[in-house]
1. Give the residues of the range 1-43 that are at pLDDT below 65, within 23 Å of Cys65 (Cβ to Cβ) and polar (S, T, N, Q), sorted by residue number.
2. Filter the range 571-587 down to residues that are open to solvent by 50 Å² or more (accessible area, probe 1.4 Å) and either under 19 Å from Leu491 (Cα atoms) or touching a residue at least 40 places away in the same chain (Cβ under 8 Å) (or both), then give me how many there are.
3. Would you confirm whether or not the range 472-489 contains a residue that is under 45 Å from the mean Cα position of the chain (by Cα) and closer than 16 Å to Met560 by Cα?
4. Only one residue in Ser178, Ser160 is surrounded by fewer than 22 Cβ atoms within 10 Å (Cβ to Cβ), under 13 Å from Arg207 (Cα atoms) and modelled with pLDDT under 90, so which one is that?
5. Can you find a residue that is closer than 18 Å to Ala474 by Cβ and either surrounded by 15 or more Cβ atoms within 10 Å (Cβ to Cβ) or touching a residue at least 60 places away in the same chain (Cβ under 8 Å) (or both) anywhere in the range 491-499?
6. Got a number for residues in the range 96-117 being at pLDDT 90 or above and in contact with a helix residue (DSSP H, G or I) (Cβ under 8 Å, 6 or more places away or on another chain)?
7. Confirm whether Gln253 is closer than 29 Å to Leu181 by Cβ, of a type outside the set (Phe, Trp, Tyr) and modelled with pLDDT of 90 or more.
8. Looking only at the range 17-75, which residues are in a loop (DSSP other than H, G, I, E, B) and within 22 Å of Leu104 (Cα to Cα)?
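The values are calculated or read from the model by the stated rules, or taken from the named source; none is laboratory data. Quantities reported herein were computed from a predicted structural model and do not represent experimental measurements. Neighbour counts are summed over all protein chains in view; Cβ atoms, including those assigned to glycine, are modelled from backbone coordinates with ideal geometry. Keep in mind that these areas ignore ligands, DNA and RNA; they rest on the heavy atoms of the full protein, side chains included. Shrake-Rupley method; radii C 1.70, N 1.55, O 1.52, S 1.80 Å.
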Amino acid sequence: MMSCLIYIFLWFLPQPMAHSKQQIDALNQMPYDQKVAQAALLDRKFLAHAASAHKIGYVSGEAECYSNLSLIYYTLGKYALDLQYSLKAIALYEKLGQNEKLALAYGELGYRMKHRDMKSALYYMQKGKRIAEQGKFSQPLLTIYNNYGVLKEMQQSLDSALYYYQKGLQLKESIHDSLGLPYSLNNIAGIHLLRGEFDQAKPLFNRALQIRMLRKDAAGMLESYSCYGDFYLMQNQPKLAVIWFQKALDEAQKQGYIDFIQKSHKAISGCYELLRNPAMALKHYQAYSQFKDSLVNKQTNNKIAELEVRFQTNEKEKQIAQHKNELLEKNIEVKNARYQMAGLGLVVLFVSLLGFLFYRQQKLKNRQQKQEFELKSAIAQIETQNQLQEQRLDISRDLHDNIGAQLTFIISSVDNLKYAFDIQNPKLSGKLNNISAFTQSTIIELRDTIWAMNAHDLTFQDLRARMMNFIEKAQSAQEQTQIVFDIDAALDAVVLSSVLGMNVYRTMQEAVNNALKYAHARLIQIEVKKTPDGFVMKIQDNGCGFDPETVLKGNGLQNMQKRIEQIGGTFSLEASAENGTKIALDIPL
């Protein structure tokens, strides 16, 4: 009984309309001019078809719907939605590996952003160009080269613009694209005009017009006439310019291109001003104003027509819905409405209860899965840390047992040589002393390294002890030099990673050694102070100093800077012959 009630309930539910692949493809293949003209009415349609494509797993069709939606929203001036759906289409093209469509999508997005964000426009255009060139996709490059030239021309980079216009021209000539060739020719000629290279511009304008005449491309010839007008006007020949602008005006009037009519009137008015004919200049300017108003009115009327169509569509949808409701009411009246409604109420209650229980169970399951994942991640991290710590201990043990023992043997061997033989040669004796001292120093460095490797975390007290130990040894080696060490007691409780502590220690060690060895300092001051987000260490000496601008930095200074930058700190150096050397380390925690 309950299953029957559920079936009856589901039968009454409205079934969503799904579109087939053929319907989705048919909408996506709509001609460009129709998509632009009907943009205000097509956004919902493309959204619905995108949802259907997603539902049936037709990823390619979904990507095409998003690409068309980006064009529609760009046409409607909704630039945020244009960007959103462009990026959605790009993500799906990348997922499908459809690099040719991906290149075109990047190029179109870059061109549409040219007036809003030139930096982003160049980024997307260059990315599309790179993908198209790597894949040798000629179709996207036909558009990308020309549009990239437009971006470069907007940046006043005329050489770059000309280069890409010419690349686009070569590509169009290779496939005999007679429709696109004149646009590339006129673009190149326009660059020559801006440079004042009129002899190079004229043949290109001529060739573009000849191609359009052979094609009987009325709209294209109209643009070519206007280009000739610009050509003569820029050479300060307004009489010839008027002739070509007038031809453009006559052709625009025949074809009903209001936008070109008003532009031609404005250009002719400017020519007559140069010819000092105020009557004709005023006449054409008034005509320009009239057609400008006409264009505005036409655009307004188009907008009103779009709104009327949308209103009528909504009204029809309401009428259909009302008619369905009337039929449903009659059907309920014929049947026993009371029992059906009671049964329907029970079904709704039962389904709602099932839905609530399912939702609650799913929520608990998701929470449990999340907790299990977090627990597994924590366990894996602890195991990794334990393994790393074991590896550190093994390495440090090997260093101590093997290399430390060998270094100790070297010292012992050198001492035996000195006592076993009566060495009279002072140079040989000095060499043996140097070997012994160097080996002893190496053992100390090795112990410091083993200390850092064994420690997972260090307190500042550990670091202070190591620093004090080093300073005491440095002080005893250079008794004539005074080393002052001052550390903020507030840092005692601070815990550092072994990498951070060792890098700071080594940097301090290198700075003190430089002050003793090269600067011949008599006073070295080391100061460590706590800051709100970490600490600052300053190492200053009164030695001979150097000029940072003229002296080539050695490995020691470069290593110090690299160590501090690796732990996210800031390294600064000030040096002069009068004030010695000052090194500051700003370390965040």
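1. Gln15
2. Let us first name the residues in the range 571-587 that are open to solvent by 50 Å² or more (accessible area, probe 1.4 Å), namely 572, 574, 577-579, 582, 586.
When the remaining residues are screened for being either under 19 Å from Leu491 (Cα atoms) or touching a residue at least 40 places away in the same chain (Cβ under 8 Å) (or both), the result is 582, 586.
Residues in the range 571-587 being open to solvent by 50 Å² or more (accessible area, probe 1.4 Å) and either under 19 Å from Leu491 (Cα atoms) or touching a residue at least 40 places away in the same chain (Cβ under 8 Å) (or both): 2 in total.
3. Residues of the range 472-489 under 45 Å from the mean Cα position of the chain (by Cα): 487-488.
In the following step, the residues that additionally are closer than 16 Å to Met560 by Cα were identified as none.
The answer is no; no qualifying residue exists.
4. Numbers: Ser160 fails: under 13 Å from Arg207 (Cα atoms).
One residue alone meets the criteria, Ser178.
5. Within the range 491-499, the first condition is being closer than 18 Å to Ala474 by Cβ, and the residues that meet it are none.
Checking the range 491-499: not a single residue is closer than 18 Å to Ala474 by Cβ and either surrounded by 15 or more Cβ atoms within 10 Å (Cβ to Cβ) or touching a residue at least 60 places away in the same chain (Cβ under 8 Å) (or both).
6. Taking the range 96-117 and keeping what is at pLDDT 90 or above, we get 96-110.
Applying the additional criterion that residues be in contact with a helix residue (DSSP H, G or I) (Cβ under 8 Å, 6 or more places away or on another chain) yields 96, 98-110.
Residues that pass the stated criteria total 14.
7. Values: closer than 29 Å to Leu181 by Cβ: yes; of a type outside the set (Phe, Trp, Tyr): yes; modelled with pLDDT of 90 or more: no.
Spelling it out, it is not the case that Gln253 is closer than 29 Å to Leu181 by Cβ, of a type outside the set (Phe, Trp, Tyr) and modelled with pLDDT of 90 or more.
8. Our first condition is that a residue be in a loop (DSSP other than H, G, I, E, B); within the range 17-75, this holds for 17-20, 29-31, 38, 56-58.
Once the filter is applied, which keeps residues that are in a loop (DSSP other than H, G, I, E, B) and within 22 Å of Leu104 (Cα to Cα), the range 17-75 yields Gln29, Met30, Pro31, Tyr58.
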